[in-house]
Amino acid sequence: MIRALGFSETRASIQIRAVQEEQGCQAADLQTILRFLLQNFISGYELIHLKKLASGEPFPFIRSDPFAQKRRKLLSLGLIPNKGIRSLFSAGDDVRNHLLITDRGKWYLAHLAPQLFVDIPSPHPYLWYDSAKRRIAV
């Protein structure tokens with residue numbers, strides 16, 4: 001069929017290899033872009049909150065403006081649903097009793113590189129450490 005179109009098999013093979021190489025370069029570029037977007041989609045603190053919601057571990061709550069800001073951003077991105085907020089603020093207990101992680105939030109966590117952010121739990125329930133072992137109050 002290639003000969004019927006006027007192409008030699010050698011010339012067609014060279015062109016096919018060139019297209020394959022270009023596709024490989026484009027795939028690598030897309031992976032780099034995706035990795036960048038995923039890593040910068042939410043802050044480290046917001047990532048901690050999202051991971052805590054997904055973990056099944058207790059997530060004690062202290063009402064604060066920074067917590068409310070993180071919750072609003074996760075909500076605006078569709079990573080947590082818009083329900084349970086009022087009951088959380090009135091009860092003031094474990095966050096996981098009131099908030100869930102959405103399928104979109106689960107997808108996001110599943111696609112992050114595992115080495116991107118390693119949580120090291122602290123003996124104190126309101127403090128966590130990042131991968132450089134710096135303390136983070138949440």
(message) Can you tell me the length gained on complete extension of the stretch residue 76 to residue 91, counting 0.36 nm per residue apart and subtracting the Cα distance?
(response) 3.1 nm
(request) Order these peptides, 37-43, 101-107, by their mean beta-carbon neighbour count within 10 angstrom, highest first. (result) 101-107, 37-43
(message) Explain nothing, just compute: Karplus ³J(HN,Hα) = 6.51 cos²θ - 1.76 cosθ + 1.60, θ = phi - 60°, for every residue of region 52-68 in order, whole Hz, x for Gly and Pro.
(response) 5, 5, 7, 6, x, 7, x, 9, x, 10, 10, 5, 7, 5, x, 4, 4
(message) With θ taken as phi - 60° and the coefficients 6.51, -1.76 and 1.60, list the Karplus ³J(HN,Hα) couplings across region 77-94 in order, rounded to whole Hz; mark glycine and proline as x.
(response) 8, x, 8, 10, x, 8, 7, x, 5, 4, 5, 5, 5, 6, 7, x, 9, 5
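Each value in this text was obtained by applying a stated rule to the coordinates, not by laboratory testing. Everything quoted here is computed from the prediction, not taken from an experiment. We place every Cβ from the backbone using ideal geometry, glycine too, and count neighbours over all the protein chains shown.
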